[in-house]
Each structure stands twice: as C-alpha cells, then as structure tokens.
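A short worksheet on the structure shown next.
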Amino acid sequence: VLGHAGMGKSTLVNQIKKTVGERKGYLIKGKFDMADGSRPDSVLFEALDTFFGTLVVEGKDDDLKIARMRQRITNTVGFGISDLIQSIPNLGKLVPNDYSSCHMTAVPQQLLHRSKFLLCKLIGAIADADNPIVLVMDDLQWADATSLSVFETIVTDPDIQYCLYVGCYRDEVAAPAV
C-alpha cells in the first residue's frame with residue numbers, strides 16, 4: 001500500500017482487523033520509525049513480542065487454541081526457541097524454554113541467515129488454516145536493508161502458508177530497495 005503521508009494507508013489497512021478477527025485470524029503489526037536507531041530487524045521482533053504478549057493474556061479463554069499453537073511452535077522451531085525468546089520475551093510466556101541457547105559464534109551473515117530461518121519457522125508455525133495471520137509492516141520507507149531482507153525471506157518462503165503480508169510506505173520518500 002503506497003501513498004503520500006496522511007493519505008490514510010494505515011487506516012485502510014486497519015479496516016481488515018475486524019475481518020481477520022471474525023475469521024479467528026491474527027493481525028501482527030509493526031511500524032518503522034525514521035529516528036529509530038535500534039538493531040536491524042527489531043521492528044519485526046517487537047511486533048511478534050506484542051502479538052505473543054496479547055495472545056497470552058487473551059488466550060486464557062481458549063486453552064485448546066493456545067496448546068495447539070504451543071505444540072506447533074515447539075515442534076517446528078525446536079532448539080531455536082531459546083534464541084528467539086532472547087529477542088521475543090513474550091514468546092517465553094507461551095512456550096516453555098526447555099532448550100539452552102546455542103549462542104553461535106559466527107560471522108554476522110551467518111547469524112542473519114539463522115535469524116531469518118528461525119523467524120520463517122516461527123511465522124509458519126503461528127499461521128494455520130484455522131488461524132491465518134496478516135503481517136503488516138508500516139512506514140517501510142524507513143526500514144533498513146537488513147529488515148527488508150528479512151521480510152523478503154518471509155514473504156517468499158514457500159513453507160509459510162495462511163499468511164498475508166502487507167507493507168505500507170510513502171512513495172515520495174521510499175528508497176529504491178522498497
């Protein structure tokens with residue numbers, strides 16, 4: 001979704017929240033900030049952390065749904081769960097961390113590859129036919145190259161099903177990478 005500032009891109013995207021909820025799906029939203037100097041890919045981690053925090057609180061009414069998701073995540077992510085919990089603390093409230101972290105000693109490119117792999121596994125485990133997800137990233141014009149690379153990997157992963165990816169950006173300031 002592209003357009004000028006104040007045009008209503010975010011408002012338009014927020015309109016799908018009701019439909020997603022009616023279909024028992026999840027809306028996971030992140031927003032980039034021009035002045036944010038945090039670690040690359042932190043917006044996605046923060047969006048997932050907020051999602052899991054909300055899920056733990058609201059999911060108390062549906063133990064079966066939470067148990068199924070916990071099982072899917074544990075089975076799919078396995079030993080990588082401890083690495084994800086370091087960046088997504090609320091995930092640890094849903095899935096017990098029965099694994100010790102790998103704390104890989106690797107060059108940054110290898111760590112980025114592992115991070116992409118684990119995020120794809122996690123998102124693939126969250127989304128299913130009964131509970132699809134819509135992953136919305138707002139203000140992509142402020143995204144760094146690493147975050148865009150992570151999103152590209154997620155969007156193009158053939159193993160992720162039942163996930164709709166929506167990106168919003170201002171066309172007048174978008175970098176060529178967007």
Requested in this report: Report yes if some residue within region 102-118 is at pLDDT 90 or above, crowded, with 17+ Cβ neighbours inside 10 Å, of a type in the set (S, T, N, Q) and in a helix (DSSP H, G or I); otherwise report no.
Outcome: no
Report summary line: All-but-one check, Asp33 against (1) within 22 Å of Ala127 (Cβ to Cβ); (2) touching a residue at least 40 places away in the same chain (Cβ under 8 Å); (3) open to solvent by 60 Å² or more (accessible area, probe 1.4 Å), failing number (1)
Query raised in the report: Listed residues Lys18, Lys24; which is open to solvent by 50 Å² or more (accessible area, probe 1.4 Å) and touching a helix residue (DSSP H, G or I) at 6+ places or on another chain (Cβ under 9 Å)?
Result: Lys24
Query raised in the report: Here are Val43, Val1, Val77: which of them is open to solvent by less than 90 Å² (accessible area, probe 1.4 Å) and in contact with a Cys (Cβ under 8 Å, 6 or more places away or on another chain)?
Result: Val1
Report summary line: Those residues of region 59-87 which are closer than 15 Å to Arg114 by Cα and of a type in the set (Val, Ile, Thr) amount to Thr76, Val77, Ile81, Ile85
Query raised in the report: Quick one: is Val57 farther than 18 Å from Ala129 by Cα, open to solvent by 50 Å² or more (accessible area, probe 1.4 Å) and either at pLDDT below 85 or of a type in the set (A, V, I, L, M, F, W, C) (or both)?
Result: yes
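The values are calculated or read from the model by the stated rules, or taken from the named source; none is laboratory data. Keep in mind the model is a prediction, meaning the values are calculated, not measured. Here the Cβ is made from the backbone with ideal geometry for all residues, glycine too, and neighbour counts use every protein chain on show. Heavy atoms of the whole protein, side chains included, go into the accessibility calculation; ligands, DNA and RNA do not. Shrake-Rupley method; radii C 1.70, N 1.55, O 1.52, S 1.80 Å.
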